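Reading through the C-alpha cells given below for one structure.
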Amino acid sequence: MTVAPQPIRLPPIGKLITIGILIALALWLVRAIGPAMSPFVGAAITAYLFNPLIRRLHQRTHVGRAVWILALYVVVGALAYLFVQFVGPRFIVQFNDLQRQLPSIINQVQAALAANQIISLGGISFGIGRIEQPVLDFLAELGRAIPELVPHLFLTAIESLLLFLTYLIVTFYFLLQSDQIVENMYRLVPARFRDEIRGLGGEIDTILASYIRGTLLLIPIMALVTYVALTILGVRYALVLGIATGFLEVIPLLGPWSAAGIAATVALFQTTAPFGWENWMLAIVVAVTYFVLRMSEDNFIIPYVVGHAVHLHPVLVLFAILAGGALGGPFGLFISIPTVAVVQLLLRYIYRKLVDSPELPFDSHPPAQLAPAPTPQRQPETAPPMPQLQTADSGR
C-alpha cells in the first residue's frame, strides 16, 4: 500500500514553539561566544551609520559601492593618523601628568572635606559628613582605575589585530550589501503586510538614525568646545578633560554633569589659578561654563544635530539609563535611550493591533511607501489609460 507524500505543515502552536526555540538558541549563542561578537556588532553599527552616505554617492556618481567604501576607509584612516600624530603626544603627556597628580588631588579633597564639615550658603548651613565617604570612595576608585585604563582597553596585541581586521572586513561586506540585506528581511514578511512593516521599519530607522548619528556628532563638537573653553580659563589638562567630556556625552543625563564635576574638581585643586583668581572662584567659573555649554547644547545643538525623533518622559530616561547600565555596561548606556524609544513605538503599535485600531503610531507622518495615491487630475492627459501602472506609480 502506497502512501501519497505530503509536505510537513506545522500547526500554529508548532510555529510559535519553533520560533521560541530559534530565538532562545540565538540568544544563547550570542551570550556563549561573548567577545567574538564585538567586531560584528561594531561592523553592523558602522555600516548602519555610513550606509546613507555610500548609497547617496553611488546613486549620484554611478561609481560602484566598493570604490566608495575603500575611499571611506582611506579618508577615515588618514583622519585617524593625523589625530594621533598631532593630538596623541600632547594627550599622553597630560594624561600621565594627571595620573601622577591624582593621589595629591585625592588627599586635598579629603583634607578639605575633613576641615569643612559644615558649609554655609546664604545663611543656610548644612553638613557634608554624609557625602564625604561616597566622594572619597569615588575618587579612590578613579585613582585605581586610571592607571589600569590603557592596558585594559584591548586584550592582547594579536587578538586586537585579528578583531580589528575582522571588523574591517565585515564592515566592508555590510556596506556593500546593506540594501540587499534589508530588502531580504522585508521579503520574509507576507506581501500583504509588507507595506505596513516597511512603515514601522522606517519609523524605527528615524529614531535610531537621529539619535545615534546625532550623539556621535556631539562627541567631537562638545570635546572641541570644552577644550577651547578650559584652555581660555587656564585649567590644566584641558585636552584630557575636553576629550573625556566629549565621550561622556554618550551617557545620557549623568555623563555631562559628571564631566562638569571632574573638571571643577581639577580646577579647584590645581596648583595655580589664572587672572589672579582663587581656586574656588576658578572652580565656580568652570562649573558655570559647563552649565552654559549644557544649556546651549540642549537648546541649539541637539535640536539641529539629534532632532526630536526621540520623545521620552524624564522618568523613562532615568529607567533607561539604569537598565542599560545594569544589562549592557557602557554599551548599554549608549544604546539605552534609543532602545527604550523603539520599544515604546513597538508597544504603541502592538496596542493598536490589540484594540483593532486602524490608526498606526506613524500615521501622523507616513513614509513614502504609505503615501496616498495622487488624484487622477495630476496624470498627463496624453498618457494612455494604464490603470495598473498608475497604481504602481502612486505607491512610490
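Tabulated results
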| item | result |
| --- | --- |
| Residue within the range 305-321 that is buried (at least 19 other Cβ atoms within 10 Å of the Cβ) and in a helix (DSSP H, G or I) present | yes |
| Residue in the range 62-74 that is part of a helix (DSSP H, G or I) and over 19 Å from Val170 (Cα atoms) present | no |
| Residue satisfying condition, being among the β-branched types (Val, Ile, Thr), closer than 23 Å to Val317 by Cβ and either surrounded by 15 or more Cβ atoms within 10 Å (Cβ to Cβ) or at pLDDT 90 or above (or both), within set Ile204, Ile169 | Ile204 |
| Flag if Gly329 is surrounded by 15 or more Cβ atoms within 10 Å (Cβ to Cβ) and within 17 Å of the chain's Cα centre (by Cα) | no |
| Any hit, the range 234-251, residues being small (Gly, Ala, Ser), touching a residue at least 12 places away in the same chain (Cβ under 8 Å) and assigned to a loop (DSSP other than H, G, I, E, B) | yes |
| Test: Leu82 is more than 22 Å from the chain's Cα centre (by Cα) and over 30 Å from Gly329 (Cβ atoms) | yes |
| Residue under evaluation Trp280, criteria (1) without any contact (Cβ under 8 Å) to a residue 24 or more places away in the chain; (2) in contact with a Phe, Trp or Tyr (Cβ under 9 Å, 6 or more places away or on another chain), criterion not met | (2) |
| Residues that are surrounded by 21 or more Cβ atoms within 10 Å (Cβ to Cβ) and either out of contact with any helix residue (DSSP H, G or I) (no Cβ under 7 Å at 6 or more places or on another chain) or among the β-branched types (Val, Ile, Thr) (or both), drawn from the range 216-242 | Thr226, Val235, Val240 |
| Residue in the range 147-165 that is modelled with pLDDT under 90, polar (S, T, N, Q), over 30 Å from Phe269 (Cα atoms) and over 21 Å from the mean Cα position of the chain (by Cα) present | yes |
| Among (1) loosely packed, with under 11 Cβ neighbours inside 10 Å; (2) over 22 Å from the mean Cα position of the chain (by Cα), the one test that Gly34 misses | (2) |
| Filter result for Leu57 (surrounded by 11 or more Cβ atoms within 10 Å (Cβ to Cβ) and in contact with a helix residue (DSSP H, G or I) (Cβ under 6 Å, 6 or more places away or on another chain)) | yes |
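The values are calculated or read from the model by the stated rules, or taken from the named source; none is laboratory data. Small disclaimer: the values here were computed from a predicted structure and weren't measured. Please note: Cβ atoms are built from the backbone with ideal geometry, for glycine as well, and neighbour counts cover all protein chains shown.
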